Amino acid sequence: MSSRDEYVKGVVLESRPYREKDRMISFYSQTKGKIIIFIRGGMKFSSKLAPMVSEPFALLNLKVVRGRHYYHLIGGEIIKSFKNIEKDYRRLLRLTETFQNINKVLPRGEKNDNVYLLIKEFLNIINYKYSILIFISFIIKLLCFLGFMPELNKCLICKKSLSQGYFDIENGGLVCKKHKTAKSFKLSNDLLSLLQNLIFKSFKQLLLKDYSKKDILRAKHIIESFYSWQV
């Protein structure tokens with residue numbers, strides 16, 4: 001390995017064709033955060049490098065050389081494959097959409113150990129079990145690590161402690177009835193508790209409890225709306 005070569009461990013967030021025969025990937029790495037990697041000939045069937053980064057949501061160790069604007073792929077290996085993800089079109093489709101969305105908000109070149117570990121844990125649990133609950137927990141946890149943690153204990157305006165109330169999308173958190181706005185969603189005690197658990201409980205802990213389908217769908221709508229507004 002030359003002095004310019006280095007290995008980066010991580011996961012492909014998004015892959016796209018570049019020019020006629022090449023490919024570009026967004027790669028979230030353990031040591032560098034999100035980086036862009038160029039794969040020469042990555043669109044060719046004969047490419048020796050393309051199959052490595054085409055493995056669906058695998059954990060990879062890539063050998064790269066840093067260029068002026070992006071890294072160049074020159075080798076590497078697959079560390080871990082997620083076989084249940086590979087053979088389940090539903091998981092593949094939702095993961096592709098989820099990773100494309102987070103690729104838009106993750107900053108380039110900023111290492112974040114919490115984000116890297118969250119992505120790894122997320123892939124492991126989705127490989128074990130497909131669950132909408134886990135997908136929405138992943139999104140809200142990621143937002144928290146990026147500095148967008150919502151207030152879910154007291155009213156954002158009057159600071160009154162609440163066990164139910166309204167989620168204010170625009171201001172990012174809980175408000176009482178007096179301070180609700182047109183962009184507020186009503187929260188029952190159970191729905192508020194679910195939102196809190198989605199942030200603070202581990203993925204495994206979330207799977208141990210039965211939540212109502214209605215609350216899960218409402219939480220999904222709130223988190224997706226919050227995500228769209230904040231980022």
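The numbers here are math on the coordinates, done by the rules we state, and not lab data. Predicted model only: the values in this text are computed from it and were never measured. Ideal geometry is used to build each Cβ from the backbone, glycine not excepted, and the neighbour counts take in all protein chains shown.
Points to keep in mind about this one:
- Looking across region 202-225, the residues that are surrounded by fewer than 16 Cβ atoms within 10 Å (Cβ to Cβ) and either β-branched (Val, Ile, Thr) or under 18 Å from the mean Cα position of the chain (by Cα) (or both) come down to Ser202, Lys204, His221, Glu224, Ser225.
- Residue within region 64-72 that is surrounded by 13 or more Cβ atoms within 10 Å (Cβ to Cβ), over 19 Å from Lys9 (Cβ atoms) and touching a residue at least 12 places away in the same chain (Cβ under 8 Å) present: no
- Residue in region 179-191 that is under 30 Å from Glu110 (Cβ atoms) and not in a helix (DSSP H, G or I) present: yes
- Matching strands (runs of 3 or more DSSP E) fully within region 1-53 where at least 3 residues are in contact with a Phe, Trp or Tyr (Cβ under 9 Å, 6 or more places away or on another chain), at positive phi and not hydrophobic (A, V, I, L, M, F, W, C): none
- Checked against (1) touching a strand residue (DSSP E or B) at 6+ places or on another chain (Cβ under 6 Å); (2) under 14 Å from Ser29 (Cα atoms); (3) surrounded by 14 or more Cβ atoms within 10 Å (Cβ to Cβ), Glu110 passes all but condition (3).
- Evaluation of Phe148 against (1) in contact (Cβ under 8 Å) with a residue 60 or more places away in the chain; (2) surrounded by fewer than 20 Cβ atoms within 10 Å (Cβ to Cβ); (3) out of contact with any Gly (no Cβ under 9 Å at 6 or more places or on another chain); (4) of a type in the set (Phe, Trp, Tyr) (one fails), failing number: (3)
- Against the test of being basic (Lys, Arg), out of contact with any Ser or Thr (no Cβ under 7 Å at 6 or more places or on another chain), surrounded by fewer than 16 Cβ atoms within 10 Å (Cβ to Cβ) and farther than 29 Å from Tyr70 by Cα, the options Lys129, Lys104 yield a single qualifying residue, Lys129.
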